[in-house]
């Protein structure tokens, strides 16, 4: 890890930590029978819609925040590994990002436990864990792969397009909201190894844990290979979900500064 990039590492920790705090708080508000808010939502589908909207807006806020614009707002080891494959991150920065993401996500969940206690840790919230749904491991694996693949392919084609790059964060938030609203019952909608670890460790629940470590990185790397072999692709600008001229960039040979 490069000491001069410690700020970017801390931002990545903050980013996923913030996302997990938001996920924990909104999941508790929307789903916990111990709180009065759950009766506002007539059924699980409506609850899923509101949860999706909340997390989509959270993702957008993180990506477009001044800190998110600096680190690139990966907040996901699978995203970081993909940009490493695209030669936009050094080995040391990749390690720094991933380590920070795991620590930040875990600290975010621990903070929610401290604030909300049993309302968050008890069922049906259960630490906001991501586990395969009633359709089983295979379906969850396929779903995680498709979602991760689609998200990364969108990021690559929009963030490297002059007209669309500034909207990549919006598109990402829309996809996150849609995935949570419609896919969460299938796999828990993780697409993020650090996000699953952050909830799984304190809950000590590891059902299908390998899915969330295997599918997202493989799917995003597959998307990167397809992008690299697309004949009319633009060049890979940098390692940010929001290429911008406002913040420095640690990417190798960055073109967004």
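Throughout, read-outs are computed from the coordinates displayed, never taken from laboratory work. Please read all numbers here as calculations on a predicted model, not as lab measurements. Cβ atoms come from the backbone with ideal geometry, glycine included; neighbour counts cover every protein chain shown.
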In degrees from 0 to 90, rounded to the nearest 10, what is the angle of the helix 168-187 Cα long axis to the longest principal axis of the chain?
40
What percent does the relative contact order of the chain come to when contacts are Cα pairs within less than 8 Å and at least six residues apart?
30
Under the helix-only model (-39500 (n - 2.57) for each DSSP H run of 4 or more, divided by the residues of the chain), the mean residue ellipticity at 222 nm, to 500 deg cm²/dmol, is -21500 deg cm²/dmol
Please report how far the C-alpha centroid of the stretch 151-228 lies from that of the stretch 130-148, rounded to the nearest whole angstrom.
12
Which label belongs to the value computed from this structure, given these candidates for Rg and Dmax of the Cα atoms in Å: [x] 17.5, 55; [y] 28.6, 108; [z] 19.3, 63?
[x]
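At a Förster radius of 35 Å, what calculated FRET efficiency corresponds to the Cβ-Cβ distance of residue 111 and residue 39, to the nearest 0.05?
Taking R0 as 35 Å, the efficiency between residue 111 and residue 39 is 0.85.
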So what's the angle, to the nearest 10 degrees on a 0 to 90 scale, between helix 137-159 and the longest Cα principal axis of the chain?
40
